[in-house]
Amino acid sequence: MLFRSVHMTSMTKKKARRPQLGPMERARRQANYIRLLAFLVAAMILMAGLKLNLFPELYMLGVAGLLIYPMSAQGLLFLFDKQDRPTKTVHQLLMQADAMVIGLVCALLHFALVPAMVLLIIVHANSVSSGGLKPWLLNVLMTGVGALLMGWMLGFQVLSPEQTPVLLSVISMLGLGIYVGASSAFAHLQARYLKQAQELVGRQQKQAVDMSRKLAKYLPPQVWGSIFSGKRDAKLETRRKRLTVFFSDIKGFSAISEELPLTTLTKMLNTYLSEMTRIALRHGGTIDKFIGDAVMIFFGDPKSEGAQEDAYRCVLMAIEMQEQMKLLRQRWQREGIDHKLEIRIGINTGYATVGNFGTDSRMDYTILGTDVNLASRLESACRPGGVLISEETQALVNNRIQCRSMGDIQVKGFNRPIPVFEALGAKRDAGAKNRYVSAQTDGFGIHIDLERIRNFDKNTILRTLARSATDLKQDKTVAVDYEAEGFSLHVQSDIMRKRDREKVIEMMGRAAKKVQTEVRV
């Protein structure tokens, strides 16, 4: 009983280890069965001729050969398959050997019209469906070679249609019918297997797309895109490039994180990082990493618009981030977060080593170098709500960015004083052309970024401003919370101070005028 139990367990394990055949493998095996059927039909026709005493008994060797040949060919294919050797060439050679064998059989049948035509139809139909035009032409040649060779050996005996028994023709046609039916069933199965294979590929493609989308969230879009397009390989390699590096963090975030509930802190931080990411991607920055509340971004790799343009985009991005913080502070205050959250930003331009660092199994696309460290030091030295840039960056952007010299500072890791500048805003936004409008008081908050307002939102924004201002003038209760891309308005008249009403109405009027004149439809 013990031996039987062990034996049964062993058999179960063998069955469990037996690989499941895929759709294409099943189709290939069934194609071999159809091939075997062709020779069974040939053997049946030759055997019928022997039974009708049309041929000498010596032709029984031909029947035996027709049964042995396909089995030998099948064994050869199985051997190649088991050794993981390519079988395509063997298939092509066997296809030509099949044609020669059928030519030999046609000569053995003394070229009887109906039986020979049946066998030629079978072998050449199989050749065309399996190989195409060129293999078929070679098949015709090999059939002729086989027929001439055996015909020469037999003295080219020919059985005329008058001498061919009707029964032999009927058996031949019956064999053809069996072969056509089996081939049709095989074609149907092939179509079903092909459909299954397509569905499998479709599922795998969907899984790959879903997986790539998930992985894309852990990589900068530029890097993810270059890897999936084949422009970049995932291997350990680095290069030296001139980059503009950005660092930011939230002032006093550690202390704030200890005071806020976990859910509130998580929501606030995710909102902040989402907004900063959106701005960074719009300006073409490569997001290196998030370290808690800190953000590290660089410009110049994997794509670069030139050192000057890269630096300008980086500084413009930083200014927009500071403006976006005004909106976020308004929103957080309405949600009960009273802390005045402000970010500090440091930017430097210089040469850094960029690429994949790590091991073959785990790598990180990042940047290293002294100029990277300087950007981090500038961020630490920056005043809350400011954008501190190095002299190198200022030299690249001073024709388009308003900058104010902040003198020299001493930073850790650098022996010499570092000249620094504060980026105040884009020169194109100076004075009345300023793209930003931001104000806040009790019961009122407005934030506008004219360049980000979408055309199809313009009319809705104007109607919201006009209706709110009119209701305030008429001393009606107003409760508005409206946000769109580049626009935010909050009005709560019941907590608004009376002395602020006229100023609020006036500000909404000026905001509506700017939106009306500077946002083009």
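List of remarks:
- With respect to the chain, whose longest principal axis is taken over its alpha-carbon atoms, helix 498-518 is tilted by about 50°.
- In segment 57-109, the inverse of the mean reciprocal separation of distinct Cα atoms equals 12.2 Å; this is its Kirkwood hydrodynamic radius.
- Measuring r between the beta carbons of LYS503 and GLN198 and using R0 = 51 Å, the FRET efficiency lands at 0.15.
- Length, then width, then depth: along the principal axes, the Cα atoms of segment 96-210 run 70, 29, 16 Å.
- Here the Debye sum runs over all C-alpha atoms of segment 258-413 as equal scatterers in vacuum, and log10 of I(q)/I(0) at q = 0.08, 0.12, 0.18 Å⁻¹ comes out as -0.25, -0.57, -1.18.
- Mean sequence separation of contacting Cα pairs (under 8 Å, at least six apart), scaled by the length of the chain, corresponds to a relative contact order of 9 percent.
- Here's how it looks for CYS403: its modeled amide H is under 5 Å from those of LEU424, which are all 5 or more places away or on a different chain.
- Cα→Cβ-extended label distance, 7 Å offset, between LYS412 and THR266, nm: 3.2
- Computed from the Kirkwood radius of its Cα pairs, the Stokes-Einstein diffusion coefficient for the chain at 37 °C and 0.692 mPa s stands at 105 µm²/s.
- Residues in the chain average 56 Å² of solvent-accessible surface per residue, probe 1.4 Å, ligands and nucleic acids excluded.
- In the chain, helical runs assigned H by DSSP with n ≥ 4 each contribute -39500 (n - 2.57); averaged across all residues and rounded to the nearest 500, the mean residue ellipticity at 222 nm is -20000 deg cm²/dmol.
- Normalised convex hull volume, segment 472-516, alpha-carbon set, Å³ per residue: 77
- Modelled this way, with points 7 Å down the Cα-to-C-beta line, the labels at MET211 and VAL90 are 3.2 nm from one another.
- Filter on LYS433/LYS514; LYS267/LYS289; LYS433/LYS498; LYS340/LYS498 - keep pairs with C-alpha separation over 21 Å: LYS433/LYS498; LYS340/LYS498
- LYS433-MET173 pseudo-label distance in nm [points 7 Å out on the Cα-to-Cβ vector]: 9.3
- Stretch in the chain that is longest and holds no GluC sites (Glu not before Pro) that DSSP places in a loop and that have at most 14 other beta carbons within 10 Å: 1-161
- Potential lengthening between VAL140 and GLU275 on full extension [0.36 nm per residue; Cα-Cα distance subtracted]: 41.4 nm
- Cα long-axis angle, helix 262-283 against the chain (0 to 90 degrees, to the nearest 10): 80
- Protein accessible area in segment 382-519, 1.4 Å probe - carbon and sulfur %: 47
- Stretching the chain fully between GLN516 and SER72 yields a gain of 151.2 nm (0.36 nm per residue, less the alpha carbon separation).
- Estimated dipole of the chain in Debye, rounded to 20 [Cβ of Lys and Arg +1, of Asp and Glu -1, Cα centre]: 420
- For segment 345-406, size of Cβ-based charge dipole, Lys and Arg +1, Asp and Glu -1, in debye: 280
- For the set PHE421, PHE357, PHE290, solvent exposure ranked by accessible area (probe 1.4 Å, protein chains only) runs largest to smallest as PHE290, PHE357, PHE421.
- Taking the accessible area of segment 65-188, probe 1.4 Å, and keeping the other protein chains in place, the carbon and sulfur fraction comes to 75%.
- Between segment 392-441 and segment 447-496, the Cα center-to-center distance that results, in Å: 31
- Translational diffusion coefficient (Stokes-Einstein; Kirkwood radius from C-alpha pairs) of segment 252-303 at 25 °C, 0.890 mPa s, in µm²/s: 201
- In plain terms, the chain from LEU462 to TYR482 could stretch by 6.0 nm, reckoned as 0.36 nm per residue minus the Cα-Cα distance.
- Between 0 and 90°, nearest 10: helix 23-51 axis offset from the chain longest Cα axis: 10
The values are calculated or read from the model by the stated rules, or taken from the named source; none is laboratory data. Just so it is clear, the structure is predicted and the values come from calculations on it, not from any experiment. So basically every Cβ, Gly included, is an ideal-geometry build from the backbone, and we count neighbours across all protein chains shown. These accessible areas exclude ligands, DNA and RNA; they are computed on the full protein's heavy atoms, side chains included. Shrake-Rupley method; radii C 1.70, N 1.55, O 1.52, S 1.80 Å.
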